[in-house]
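Novice: Here's a structure for you.
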Amino acid sequence: MKKISKEELLRKSKIPGINAIKMHKFYKGKIQILPRCQIRDYKDFAIWYSPGVSVPSTEIFKDKQKVYEYTNKSNSIAVVSDGTRVLGLGAIGPEAALPVMEGKSLLFKYLGGIDAFPLCIGKKACCDADHIIEFAKMIQPSFGGINLEDIEKPKCFTVLDGLRADPEVEIPVWHDDQQGTACVTLAGLINSLKIVGKKKSEVKIVFNGIGAANFGIYRLLKADTFDIKKFIFVDSRGILYQGRSDLNDPEDYKYELLNASNPEHLQGDCGVAMEGADILISSSIPGPDIIKKEWISKMADDAIVFVLANPIPEIFPWDAKDAGARIIGTGRSDFPNQVNNSLCFPGVFRGTLDVHAKTITDEMCIAAAYALANLVEEIKGCLIESCILPNMEYEELFIREAVATGLKAIEQGLARLKLTEEELYSNAKKVIEESHSMSRLLMKKGLIPEFNDYIK
């Protein structure tokens, strides 16, 4: 891998932002609402609105499940954020979060064929967990699902767990920063472990940073039968161990990790934790030099290192390689093995919506992760250290994830609509291809104007 200086990486990382400010101003955002029905003439409004619309409304009143037949509920989700933990920007507030949520909605539409509506909420920079939970419950009649986005910890855990456990919530709720990142990380680990010949029940894993991403990864790996007694968690104050003076509140989300991991009560910094470790998953602060070469050199043979901070990973991949790591993943698209939740959420939600599922379980996420992992060998013919995940340009991956997710929902008795594997595949392929075709048609006709003032 060609070495790139920190300065060059920073320069390259600024280019999308320079183009973004120009293009956001030019296009006035990036999503809009278009009709999905034919309007042959003005008389058709008597069908789509008054008086004709009263008939489907009456049918839904008699049986509210018919809302999935007569409206777009089955293909629409809300992207909900209070703007308290936006990308690497922190608590910038709901207005400043809106471009990010529009971007998320764009990815949902283009990659998954899903109509996603950005809903940024909060009177000031934030609102508490109960407000977000109540807001989500109030809007659920209009949407087939809710994607929680960029909500600060520990509030994000409270909101997700509260909504998933609430019997009044009848639609799937997903927090991409937790579940999406976890799904893709699991897929990367599945293939990495195949390459190095290790079993998930035997590996020692160090988690550096305990935010939404690593907490979600921990939960999904636990659900997929990794041995959590072999997990060690490290925060800004060092290793989590029973007896640490600042961790004695059972309401603290770290308390769960404290009691589940590190049975030897190891103490010290991340370097101590990494001694003899098979896997490092770091979702902390941008590097380089957050993770030291000498720490990696003390890991087990054939070490797997996922350093996911952006725009600069916690250690440069070539330095991790020099230190002895065999497989390295980062959050960047210009390095091999990008671990990016965009590989996951469009497909998972596509499958969830297609069967009108009531929730998204860990088992559904795991099914999607294995579908994602299995694609690499199918595409490449074999597994190699520099390609443990497909990239989003391989459109088949979202279809396969949708099928796996939908089938698992049906198996778990969570689907209102039972489809065959062939029906799930056909539907996902059709909807996603239609989304691509609509975008290309609007561009070809000049209805989405061309922008040429790029910086390269």
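Taken together, the values in this text are just the output of simple stated rules run on the coordinates, not laboratory data. Please read these numbers as outputs of a predicted model, since none were measured by experiment. Every residue, glycine among them, receives a Cβ derived from its backbone with ideal geometry; neighbour counts consider all protein chains shown.
Novice: So how far apart, in nm, are the two label points at residue 66 and residue 40 if each is 7 Å from Cα heading toward Cβ?
Specialist: That separation, rounded to one decimal, is 2.4 nm.
Novice: Now for a different question. Can you pull the Rg over Rh of region 69-132, Cα-only, Kirkwood?
Specialist: 1.04
Novice: Kirkwood Rh and Cα-based Rg: tell me the resulting Rg over Rh for region 356-456, rounded to two decimals.
Specialist: Rounded to two decimals, Rg over Rh is 1.09.
Novice: Among residues other than residue 337 whose Cβ falls under 12 Å from its Cβ, what is the net charge (Lys/Arg +1, Asp/Glu -1)?
Specialist: Charge balance near residue 337 sits at +1.
Novice: Can you check what the net charge comes to around residue 227, using other residues whose Cβ is under 13 Å from the Cβ of residue 227 (Lys, Arg +1; Asp, Glu -1)?
Specialist: Summing Lys/Arg as +1 and Asp/Glu as -1 gives +4.
Novice: Once every DSSP H run of n ≥ 4 in the chain is given -39500 (n - 2.57) and the sum is divided by its residues, what mean residue ellipticity at 222 nm do you get, rounded to the nearest 500 deg cm²/dmol?
Specialist: Mean residue ellipticity at 222 nm (helix-derived): -13500 deg cm²/dmol.
Novice: Just to check I understand the Karplus step: with θ = phi - 60° and J = 6.51 cos²θ - 1.76 cosθ + 1.60, what whole-Hz values come out for region 312-321, glycine and proline as x?
Specialist: Those phi angles translate into 10, x, 5, 8, 5, x, 5, 6, 4, 5 Hz.
Novice: Now for a different question. Return one quarter of the surface area of the convex hull spanned by the alpha-carbon atoms of region 170-282, equal to its mean projected area, in nm².
Specialist: 7.7 nm²
Novice: Straight distance only, please: which lysines reach the Cα of residue 2 with their own Cα at less than 16 Å, same-chain residues fewer than 8 apart left out?
Specialist: Filter leaves 12, 321.
Novice: Shifting gears a bit: If you wrap a convex hull around the Cα atoms of region 245-336, how much volume per residue is inside, in Å³?
Specialist: Per residue, the Cα convex hull of region 245-336 comes to 110 Å³.
Novice: Starting from the Kirkwood Rh over alpha-carbon pairs, what translational D in µm² s⁻¹ does region 128-207 have by Stokes-Einstein at 37 °C and 0.692 mPa s?
Specialist: Here the translational diffusion coefficient equals 225 µm²/s.
Novice: Too long at a 21 Å Cα-Cα cut-off: which of 104/408; 14/293; 194/380?
Specialist: Check vs 21 Å cut-off fails for 104/408; 14/293.
Novice: Within straight cross-link reach of residue 62, meaning Cα distance under 19 Å, which lysines are found once same-chain residues fewer than 8 apart are removed?
Specialist: 73
Novice: Placing +1 at every Lys and Arg Cβ and -1 at every Asp and Glu Cβ, with all other atoms neutral, what dipole size does region 146-248 have around its Cα centre, in debye to the nearest 20?
Specialist: 840 debye
Novice: Here's something else I'd like to know. From the P(r) of region 18-176, could you give the percentage of C-alpha pairs in the tail past 24 Å?
Specialist: Of all Cα-Cα distances in region 18-176, 43 percent exceed 24 Å.
Novice: Okay, next question. Mind checking which aspartates and glutamates have their Cα closer than 18 Å to the Cα of residue 444? Skip sequence neighbours fewer than 8 apart in that chain.
Specialist: Here the aspartates and glutamates satisfying the reach criterion relative to residue 444 are 433, 434.
Novice: Can you tell me the length gained on complete extension of the stretch residue 7 to residue 32, counting 0.36 nm per residue apart and subtracting the Cα distance?
Specialist: Value of the extension gain: 5.2 nm.
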